[in-house]
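Asks: Okay, here's the structure, questions in a sec.
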């Protein structure tokens, strides 16, 4: 019985000393600057990509803040907006996502219903990067 209590104590101490995954520094950070309509992607602090985006147009809003991906879909169809295709979707807050768009001529200026739109090839690249490091290793930062 003493051996079991001792093992339980050791296990509890080891668990307490492990770094908390939620507080760990993310490996991948996708920073969206709404004012410049750009996304900068960094890995371990080094810039790896910078792309044009479209965020919320007039009458809509893109939420600001720091998020982790909550779910990902290689292809998603918007239930709210006429079954519109959302390739390589990375959802980060409710129905808000980063995803590819066919409206590439509108990138670089506000045009969405609140999501963050990317060129389809850039959305695929980001999706692959997030899958590689995982949601716990990814941070999405949205600023004005």
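Asks: For region 79-119, how big is Rg over Rh, using alpha carbon atoms and the Kirkwood form of Rh? Show your work: numbers first, answer last.
Replies: Working: Rg = 9.7 Å, Rh = 10.5 Å.
Checking Rg against Rh, the ratio lands at 0.92.
Asks: Could you put 34, 142 in order, starting from the residue whose Cβ has the fewest other Cβ atoms within 10 Å?
Replies: Details: 34 17, 142 22.
Ordered from fewest to most neighbouring Cβ atoms within 10 Å, 34, 142 come out as 34, 142.
Asks: Extent of region 25-143 along each principal axis, from alpha carbon coordinates, in Å, largest to smallest?
Replies: Result for region 25-143: principal-axis Cα extents of 36, 27, 24 Å.
Where a number appears in this text, it was derived from the coordinates with a stated rule and is not lab data. If you're wondering where the values come from, they're calculated on a predicted model, not measured in any experiment. Cβ sites come from the backbone with ideal geometry, for glycine too, and all protein chains shown count toward neighbours.
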